[in-house]
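Got a structure here, written out as structure tokens. Questions coming.
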Amino acid sequence: MRVLLGTAMVAAAAGLASMARLSAGSGWLVLLPGLILTGIGLGISSTALTTAALSAGVAAALAAAGVIAGFAFGPDRAPEPAARTAASTAT
């Protein structure tokens, strides 16, 4: 899996690097090899990453959902400690 991901990322980087040398007057045929190489590299890497994520199982998905829910409802929703202290001393 590591070799496949590494090869795919190198292919995507090579495709992007080949398109970096283009100028405003370059035709679309000059873009074609870079687009094909980048597409192949990103397609292989996204497939391999999806396979790795699905093989991690339901426990990993539940842990990730818990982290997301913690960010959504966690620290921002709790009252500030200073506000709690001021409210308790005022009464």
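Please list 3J(HN,Hα) in residue order for region 14-31, calculated via the Karplus relation 6.51 cos²θ - 1.76 cosθ + 1.60 where θ = phi - 60°; whole Hz, with x for glycine and proline.
Going residue by residue, I get 5, x, 5, 5, 5, 7, 6, 8, 6, 10, 5, x, 5, x, 6, 5, 6, 6 Hz, with x marking Gly and Pro.
Using the Karplus curve 6.51 cos²θ - 1.76 cosθ + 1.60 with θ = phi - 60°, work out ³J(HN,Hα) for each residue of region 34-45 in order, rounded to whole Hz, and write x for Gly and Pro.
Rounded to whole hertz, the list is x, 5, 5, 5, 5, x, 5, x, 6, x, 5, 5.
Shifting gears a bit: Restricting things to alpha carbons, tell me how big region 1-55 is in terms of Rg and Dmax, in Å.
Rg then Dmax for region 1-55, in Å: 13.3, 47.
Mind ranking 14-26, 36-48 by how tightly packed they are, going by the mean number of other C-beta atoms within 10 angstrom, highest first?
The peptides rank, most packed first, as 36-48, 14-26.
We did not get these values from a lab; they are worked out from the coordinates using the rules stated. Keep in mind that this is a model prediction, so the values were computed, not measured. Methodologically, a virtual Cβ is constructed for each residue, glycine included, from the backbone with ideal geometry; neighbour enumeration extends over all protein chains shown.
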